[in-house]
Amino acid sequence: MAREGQSDTPSPAEDDFSIRTLVKGFWVRGEDESPQVFWACSLVYLGIGLVVFSLAHSHANSIESLGVILVLLGWLADKTWRRDWKLKNNPLHAPLALVVVTTLLSLLSTRDPIYSLNELRGELCTYVPLFYAVADFCTSRKRIYSLIVIFLVDNLLALLFYAFLIYLNDFSQERFVHFIELSKFYSQRIHVLSTYFLFCASFFYAALYFVKKKKEFLLIILPFSVNLYFLSLAYQRAVVVAMAAVSFVPLLFFRKAVSRRALLVLPVTLAGLALLIFVTPMKSRLIDMTWRSVSQWQQNMSLDRSDIDQERILWVVDFWKDFTKRPLFGVGYGKGNLSKENRQAGLPKGPGDTHNTFTNVAAQTGLQGLAALLYLLFMQVRLLLQGVRRATRRFDRVFFVGSLCYMLGFWLRLQANDIYNSGSALVYWIMIGLAVGLWRLLDRDKDGPGNPGLKQQPPPPGPALPLPGQADSGNSG
């Protein structure tokens, strides 16, 4: 951690992207850290580790909640011991406040305010505080790199765990898919698990474009390939489409990447993804459309084919009915309000949600809520793009480009299944918090190393002061 008043600008040696640089100093108390600050940081690290661990495993709600509590306690303890209660620069203050206000306004039109308030309590007491805690905690690269090491360790443990589950299922892919679909033996639900492997694969994929050493390049290929394999085994078509779209994102920053790397990484990744589709059970999701039956949500309506695409059409019809009732403020925050609207109108219960985050937000909070969400996403993309432009270290570029990759993949994934209310949202906001912390460090370096966070002022007008010895030499003789 840099001392107060020192710059975090990298030297040429520090710009080397390596695993050694990443883990250097992890869990080691810095010279300028008091024991109290060290243990406060340890609480945050432990909490983040528990939150990320719970994403890849089921029956871990208590572990997830404990992780969030530890992060908040460690963050508050860190601020207390450092006596730093100033509100740090955060470009997402206004967009987040707008989202909260528009969501609260939906209470004016909801049929069940108590239910909506309970749903809001989960959002406002979990995602938002976790984001601010991580963003405020990341005051140095040592802290940011330590959190990223925790993600890497958790991913390694998850890969080993699911490799063991394949072994338990006699190396049968079909049995493994059915096994995790039923969430047996602490395996995560299939749609959440697919999002987790999309998160990990996105960052490893971005790193392939920026590492220079062949040893580091080969070291990253291994976890990327394994994550991509489990992503295909997760049996979700939307995730495969999202990963295919993610593969083109690093091309936007071709000039900052290693030359000619895209000619190798992009086609090999797309070919590998296509190969995995046809050698795993995923091919049945793309060819055979009889995976699940269609629910009858409308009166006197039956379907001959068990086609999930027909089911999605019914979801859109059901959304439009709810949206046209209250287009400005929505039917009230919470998916349960969609079903309650149908019951009040004497209609069947309905799906409860449209399996699409944007249409769910529009139905629950109205056009104002959807506009606020889009504005928030725009500001997040803007922040990540600024980070890529300002970054001088290749590892910083990897993080920002990887965040853009995952952000695109995550929101594409949410167009087919609204899983924003699960552990995936927690990891997403942790990532955004890390991005804000790193962006703040780059903004501090841009303003000047002498006074971090403040722009250096030009010298006052008037004659320049003489250097030591000049005055005496002028009067001599």
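The values are calculated or read from the model by the stated rules, or taken from the named source; none is laboratory data. From a predicted model like this one, the values you see are computed outputs, not experimental measurements. All Cβ positions, even for glycine, are placed from backbone atoms using ideal geometry, and neighbour counts span all protein chains on display.
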For Ser54, are the conditions met, namely being surrounded by 18 or more Cβ atoms within 10 Å (Cβ to Cβ), under 20 Å from Ile419 (Cα atoms) and at pLDDT below 90?
yes
With criteria (1) under 25 Å from Ser403 (Cβ atoms); (2) touching a Phe, Trp or Tyr at 6+ places or on another chain (Cβ under 7 Å); (3) not aliphatic (A, V, I, L, M), Cys200 comes up short on (2)
Note on region 183-242: residues closer than 27 Å to Leu168 by Cα, within 16 Å of the chain's Cα centre (by Cα) and among the aromatic types (Phe, Trp, Tyr) are Tyr196, Phe197, Phe199
Take Pro327 and tell me if it is modelled with pLDDT of 70 or more, on the phi < 0 side of the Ramachandran plot, loosely packed, with under 15 Cβ neighbours inside 10 Å and not in a helix (DSSP H, G or I).
yes
I'm trying to understand the selection: among the residues of region 370-406, which are not in a helix (DSSP H, G or I) and not small (Gly, Ala, Ser)?
Thr392, Arg393
Which residue pairs have Cβ atoms closer than 8 Å, lie 6 or more positions apart in sequence or on different chains, and pair a first residue in region 135-163 that is closer than 22 Å to Ile180 by Cβ with a second residue that is crowded, with 20+ Cβ neighbours inside 10 Å and among the hydroxyl-bearing types (Ser, Thr, Tyr)?
Ala158/Tyr196; Tyr162/Ser187
If I filter region 52-62 down to residues being among the hydrophobic types (A, V, I, L, M, F, W, C) and within 19 Å of the chain's Cα centre (by Cα), which single residue comes out as farthest from Leu165 (Cα to Cα)?
Val52
Enumeration of residues in region 169-196 that are closer than 13 Å to His57 by Cα and assigned to a loop (DSSP other than H, G, I, E, B):
Leu182, Ser183, Lys184, Phe185, Tyr186, Gln188, Arg189
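Restricting attention to region 136-145, does a residue exist that is small (Gly, Ala, Ser) and not in a loop (DSSP other than H, G, I, E, B)?
We begin by selecting, within region 136-145, every residue small (Gly, Ala, Ser); these are 140.
Filter again for not in a loop (DSSP other than H, G, I, E, B), leaving none.
No.
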Assess whether Leu208 counts as being modelled with pLDDT of 90 or more, of a type in the set (A, V, I, L, M) and either closer than 21 Å to Leu156 by Cβ or touching a Leu at 6+ places or on another chain (Cβ under 6 Å) (or both).
yes
Filter region 77-116 down to the residues that are polar (S, T, N, Q) and farther than 21 Å from Pro327 by Cβ, then identify the one that is surrounded by the most Cβ atoms within 10 Å (Cβ to Cβ).
Asn90
Go through region 130-186 residue by residue and tally those that are crowded, with 19+ Cβ neighbours inside 10 Å, of a type in the set (Gly, Ala, Ser) and within 17 Å of Ser232 (Cβ to Cβ).
1
Of the residues Tyr428, Tyr420, Tyr406, which is surrounded by fewer than 19 Cβ atoms within 10 Å (Cβ to Cβ), within 17 Å of the chain's Cα centre (by Cα) and modelled with pLDDT of 50 or more?
Tyr420
Every residue in region 246-261 that is at pLDDT below 90 and surrounded by 17 or more Cβ atoms within 10 Å (Cβ to Cβ), please.
Pro250, Phe253, Ala257, Arg261
If I filter region 202-218 for residues that are small (Gly, Ala, Ser), assigned to a loop (DSSP other than H, G, I, E, B) and either touching a helix residue (DSSP H, G or I) at 6+ places or on another chain (Cβ under 7 Å) or buried (at least 24 other Cβ atoms within 10 Å of the Cβ) (or both), do I get at least one hit?
no
Matching residues in region 232-260 - criterion: being of a type in the set (A, V, I, L, M), assigned to a helix (DSSP H, G or I) and out of contact with any Cys (no Cβ under 8 Å at 6 or more places or on another chain):
Leu233, Ala238, Val239, Val240, Val241, Ala242, Met243, Ala244, Ala245, Leu251, Leu252
Considering only residues that are hydrophobic (A, V, I, L, M, F, W, C) and touching a residue at least 24 places away in the same chain (Cβ under 8 Å), which ones fall in region 379-401?
Met379, Val381, Leu383, Leu384, Val388, Ala391, Phe395, Val398, Phe399, Phe400, Val401
Does region 106-125 contain at least one residue that is in a loop (DSSP other than H, G, I, E, B), of a type in the set (Lys, Arg) and more than 22 Å from Val68 (Cβ to Cβ)?
yes
Go through the residues of region 227-244 one by one and say whether even a single one is surrounded by fewer than 22 Cβ atoms within 10 Å (Cβ to Cβ), farther than 24 Å from Tyr162 by Cα, touching a residue at least 24 places away in the same chain (Cβ under 8 Å) and charged (D, E, K, R).
no
